[in-house]
Structures are given as structure tokens and as C-alpha cells.
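Enquirer: There's a structure below that I have some questions on.
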Amino acid sequence: MAFQSILFINAEDITNVDLLNEPVFFKDLNIDQIIDAITFGRSEYNLKPFFYKSPVDKETIKYRQHIMRDLENNKLFECIKSFSEKFQHMRENLKQIDKLYYKYQKERWFLDAVLMYCDAVASLANDLAQIDLKSTGFIVFREYILDYVKSDSFISLNNATKKLEEDLSSIKYSILIKGNSIKVSKYDSEINYSDIVEETFKKFKEGETKDYRKKFSEHVDMNHVEARILDLVAQLYKEIFEELDDYCIKNIHYIDDKISTFEREVQFYMSYLEFISKFKDVGLKFCYPQVDSESKEVFDYGCFDLALANKLISNKSTVVTNDFYLSGKERIFVVSGPNQGGKTTFARTFGQVHYLASIGCPVPGYKAQLFLFDNIFTHFEREENVNELHGNLEDELIRIYDILSKATPYSVVILNEIFTSTTLKDAIFLSKKIMDRIIELDLLCVWVTFIDELSTYSEKTVSVVSTVVPDNPSLRTYKVVRKPADGLSYAITIAEKYKLTYEHIKERVKR
């Protein structure tokens, strides 16, 4: 297998990846917040399009998972990190060239950039040769870079760069300043009077004294006097500077395309692993899920909402984990329970772990098997738009119709608190019609609802309920568990706590 990409197996998947837009379901599931956090500080790489493209084959997912596992080896991670830092310094040099004015200064900065490139590539090749790699992606890249550093083109570039750097470093010249004139000549072993003067007055030095020597400016930019001196030096060492001219023209495209692409693409893995490390540090688990496009028996144990957890950890708050599974003919989670109890968080978690699994990333949880979908469709409540001629109910029906007309048996649908703007009777009627279509398509679905009847609507539906502390129903546990929906029992619990049941009221009346 010849190396093409550290992210994609199929070359056609690389085409136009940078033109991808954020999937429409990202904001509903807060995946946009996750990607923002992952890519923070790496804007130069434009990584977001890589997170927007979800592979459609299990082989690419496995390819990425194995690369992720390799990068969990700290030796390899630090090796790639060092390589990237060198590339970043090289790019900074190249950017600085565009800000400079004088030819020979530009050329020297270009030479330094190539020196950094050669060092970065040679060091990476040497490091990879000494690391035990398991993934196909890294193994074929190692073969590629080892062949590259042995190639005539790289050897020639490396040798020419080092020789020219040595030649330039060997240049010595003298400057004679007399009034307003400056004379530049080759250094001819003249006496360095600075050393003689310093040695002569050394015996008068007592303790720490003020240094009156003038320090030269360390600004990157040259002034016109320095530039003119450099021009005169170039005339004195004409052969070396002509070689520098030829070198810059000849090697303008010195960066190997595949190595440059690797350096950008590998940030996908580096950024994700660095992001999840803070969750691991507080004891939260991540795993590499099995991903299947046939079986709809899915589970994830110990999972959590990554976007919410990122905020909670920043505030040093506790992250609550949950479990879910669907087996046999089960396809639909019907989520009910008290408000602010974690129902929507559960729905988002289901969508997040499926999407992260589809791009080859480890997911929250200690063991997971997830479905390889063709698309995720979400329906979350939106604020009513006063500029539109229809109300909330009509808007919801239009959106639901659009989802069900596009969904296939390989899609995932997540519905959150729909039909809250209509009567209970109408909401039940409409919900059952939608449920029939979801069942007909055999969709995987999470449906957060206040309609308990939906939880027992079919053999494909499973009731899960957000729970409260038994002795204090006002306190949420944020645990979502498989149990029968019972809105009435929840209401009675509240009534009992505040002594508002029929028995309590009747007792008071008797008094």
C-alpha cells in the first residue's frame, strides 16, 4: 500500500474536503462546541473540514482508530509534536519573508527555512525508524519518509543547503567608518582593537560596572544602511551570493507535498487526543467502539455529553455518566422524566458518540458498539420566527416531514420535545403518526417527549427515564435509566413531599 494520506484510505475522499460546510445537526447536538474546543489554537491548519467529513466505510474508521492507538504511545506523540513545532517555525520564517524588503535578507531567511525543513524531516525519519508502529497508516508513512530522505532530490537539497549555510557563515569582512562614509572590505587578519583595549583596562575593573558598549538593534528588518553594506559584501563574495540566488530560484518548491499534507492531517489526531486528555485526568473513560453498518444493536457504557463535560470540568464540577443499549428488535429510546433532569443531554450524547465514532475517534465510555449511519437528522425546538407566516406547530410539521422524506433505514433521528405548542390530544395523534413512519423505516431514534404512551407503542420502543433523588424530588441525579414511564408517579412523589395528596388535604379539612 503506497502512502496517500494519514486520514483517508481512498484518494477521492481527499478531493474538495476543504470546501465542506458544518453539518446541519452540529448545533443541535452541540458538536460545533466540541469541534471548536478541539481545534482551538490550531487555526493555521484549518482542521474543521476534517471533522465535517464522516467516512462511509468501516475500513477508514479502523484505519483511523489504529493510528489513534499508535499516537497514545507518548514517544510517538512527542516525536510528531516536535516535528510539527519545527514545521511551524519554518512557516513563520516563510511568512516573515513576505514582510522583508531587501533581496539578500529574504534569501537568507529562505535558506534558514529550508534548513529547518531538512532537519525536521530527517529527525522524524530517524525517530520513526526506532518506534514500534502498529497502524497501517504510520507504517506506510514511515516507509515513504525513509525512502524520501534517501532520495537523490532530498540528499541534494540537504547537502546544498548545508554547504551554502557554511559558506555564508564563513564570510568575514571589515567596515571602516570615516565621517559620513563607510568602506567595506574583506577581512584580512586585521588586529581586533576591541580585545586589546578590553585586556588593557581589565586591571582597573573593580566589581560590577556599568556597560557603556552600544548594543546593535535586534529588529528583524534591516535599515537602508545595513542593506547597502550587505550589497557591498555581496560584491566582495560574488560567487557565494550568486549561488544563493540560484539556490533560491531552484528550490522555491522544496516542500514535499505528501509530507506537508501529513503534517496538517496528523493534527486531526493530535488535537483530539490532547483535548480528551483532560477528561481522562479526572477519571472519565474513552474507548474505541466497534462500528457496524448492519447490526442496530448499539450500546455505550459510561458515556457522557462531551460538550457539557468540557464546561463542567472547567468549573470543577462533577460529570455524570450514563449507559444505554438497544438489543434485538429495539430501535427507539423514548425519554421522559422531570425537566432539567438530563433528558436532552442523553439525546445529545447518543448523537455525539455516533458521530465521533463515524470519524474514527475514541468516544466517551468504557465499552461501546455503535451504528455506522448515512446521516443524522435532528429536530430541536426553535424560537418562533415572527417574520414567518406560519406558527410553531406548522413549522414543526414541515421540519418533521422534511426529515422523514430524506431518512433511510441507515439514518439516525433525534427528536427533542416536539409538539409542545399544541394540545395533548393533538400531540398524541401527530406523534403516533410519526412513530409509525419511524418504525416503518426501522430507524435508530432517540425521542425526548412528555407523552408517556409512546414508550410502550411498539416492540421497537424502549422507555428510559431521567431520575430524581427519592427523598427529594427537586434534586436531579442526571441518571437516565431503563424503566417504565410514569409521569403520574413523579407527580405523586412531588405531592407527597409537600403534603398535597388527597389524603393530606382531606386530613387538613377535617381539622
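Enquirer: Going toward the positive end of the dipole of the chain, with +1 on Lys and Arg Cβ and -1 on Asp and Glu Cβ, which of ASN392, LEU454, THR261 do you reach last?
Expert: LEU454
Enquirer: Can you pull out the trypsin sites (Lys or Arg not before Pro) in segment 321-379 whose DSSP state is coil and whose Cβ has at most 14 other Cβ atoms within 10 Å?
Expert: LYS329
Enquirer: Per residue of segment 180-191, in order, report the coupling 6.51 cos²θ - 1.76 cosθ + 1.60 (Karplus, θ = phi - 60°) as ³J(HN,Hα) in whole Hz, putting x for Gly and Pro.
Expert: 9, 10, 10, 10, 10, 9, 5, 5, 10, 6, 5, 5
Enquirer: Rounded, prolate or oblate: which one fits segment 245-335, using the alpha carbon gyration tensor with axes a ≥ b ≥ c (rounded when a/c is under 1.5, else prolate when a/b beats b/c, else oblate)?
Expert: Judged from the Cα gyration tensor, segment 245-335 comes out oblate (a/c at least 1.5, b/c at or above a/b).
Enquirer: Now a separate question. Enumerate the amide H contacts of PHE377 below 5 Å, restricted to partners 5 or more residues apart or on another chain; note that Pro and chain-start residues carry no placed amide H.
Expert: VAL412, VAL413, ILE414
Enquirer: Separation between the ILE182 and GLU440 pseudo-spin-labels, each 7 Å from Cα along Cα→Cβ, expressed in nm?
Expert: With each label placed 7 Å out from Cα toward Cβ, I get 8.5 nm.
Enquirer: Same structure, new question: Mind listing the phi-derived Karplus ³J(HN,Hα) values for segment 21-31, rounded to whole Hz, using 6.51, -1.76 and 1.60 with θ = phi - 60°, and x for any glycine or proline?
Expert: Using θ = phi - 60°, the values come out as 9, 4, x, 5, 7, 4, 5, 4, 8, 6, 5 Hz.
Enquirer: Quote the charge dipole size of the chain about the Cα centre in Debye, to the nearest 20; the model charges only the Cβ of Lys and Arg (+1) and of Asp and Glu (-1).
Expert: 1700
Enquirer: Something else about it: Please label the shape of segment 28-129 as rounded, prolate or oblate, based on the square roots a ≥ b ≥ c of the eigenvalues of the alpha-carbon gyration tensor (a/c under 1.5 means rounded; beyond that, a/b larger than b/c means prolate, else oblate).
Expert: It comes out oblate by the Cα gyration axes.
Enquirer: Using Cβ contacts closer than 10 Å as the measure, can you line up THR449, THR261 from fewest to most?
Expert: Neighbour counts put them in this order, fewest first: THR261, THR449.
Enquirer: So which GluC sites (Glu not before Pro) in segment 1-91 pass both tests, a DSSP loop state and at most 13 other Cβ atoms within 10 Å of the Cβ?
Expert: Qualifying residues, ordered by number: GLU72.
Enquirer: Explain nothing, just the number: dipole magnitude of segment 328-382 about its Cα centre with +1 on each Lys and Arg Cβ and -1 on each Asp and Glu Cβ, in debye rounded to the nearest 20.
Expert: Charge dipole of segment 328-382: 100 debye, to the nearest 20.
Enquirer: Less than 14 Å from a label point 7 Å out along the Cα-to-Cβ axis of ILE155: which backbone N atoms in segment 91-134 qualify, by residue?
Expert: From segment 91-134, the list is empty.
Enquirer: What FRET efficiency do you get for LYS75 and ASP281 if R0 is 22 Å and r is their Cβ-Cβ distance, rounded to the nearest 0.05?
Expert: 0.65
Enquirer: Please identify every one of the chymotrypsin sites (Phe, Trp or Tyr not before Pro) in segment 7-71 that sits in a loop by DSSP and has no more than 16 other beta carbons within 10 Å of its own beta carbon.
Expert: The qualifying sites are PHE40.
Enquirer: Something else about it: Averaging sequence separations of C-alpha pairs under 8 Å and six or more residues apart, then dividing by the length of the chain, give the relative contact order as a whole percent.
Expert: 17
Enquirer: Across segment 338-344, in residue order, what do the Karplus-derived ³J(HN,Hα) couplings come to in whole Hz, using 6.51 cos²θ - 1.76 cosθ + 1.60 with θ = phi - 60° and x for Gly and Pro?
Expert: Per-residue couplings from phi come out as x, 5, 6, x, x, 5, 5 Hz.
Enquirer: Net charge around ASP36, counting only other residues with Cβ within less than 13 Å of its Cβ (Lys, Arg = +1; Asp, Glu = -1)?
Expert: Every neighbour counted, the sum reads +2.
Enquirer: May I pose another question? Which one of PHE50, LEU115, LEU146 has its Cα pushed farthest toward the positive end of the charge dipole of segment 1-149, where Lys and Arg give +1 and Asp and Glu give -1 at the Cβ?
Expert: LEU115
Enquirer: Calculate how steeply helix 58-71 sits against the longest principal axis of the alpha-carbon atoms of the chain, using the helix alpha-carbon long axis, and give the answer as 0 to 90 degrees to the nearest 10.
Expert: 60
Enquirer: If I model a spin label at SER474 and GLU165 as a point 7 Å from the Cα along the Cα→Cβ vector, what separation in nanometres do I get?
Expert: Here the modelled spin labels are 7.0 nm apart.
Enquirer: Tell me the angle of helix 103-128 to the major Cα principal axis of the chain, expressed in degrees between 0 and 90 and rounded to the nearest ten.
Expert: Tilt relative to the chain: about 60 degrees.
Enquirer: Which parts of segment 70-97 would a label at ASP132 reach, counting a residue when its backbone N lies under 15 Å from a point 7 Å out along Cα-to-Cβ?
Expert: From segment 70-97, the list is 70-76.
Enquirer: Which one, GLY342, CYS303, TYR288, is farthest towards the positive end of the dipole of segment 274-360 when Lys and Arg carry +1 and Asp and Glu -1 on their Cβ?
Expert: The residue sitting most towards the positive pole is GLY342.
Read-outs throughout are calculated quantities, based only on the coordinates presented, and are distinct from any laboratory measurement. Keep in mind it's a predicted model, so treat the numbers as computed, not measured. Backbone-built Cβ (ideal geometry, glycine too); neighbour counts: all protein chains shown.
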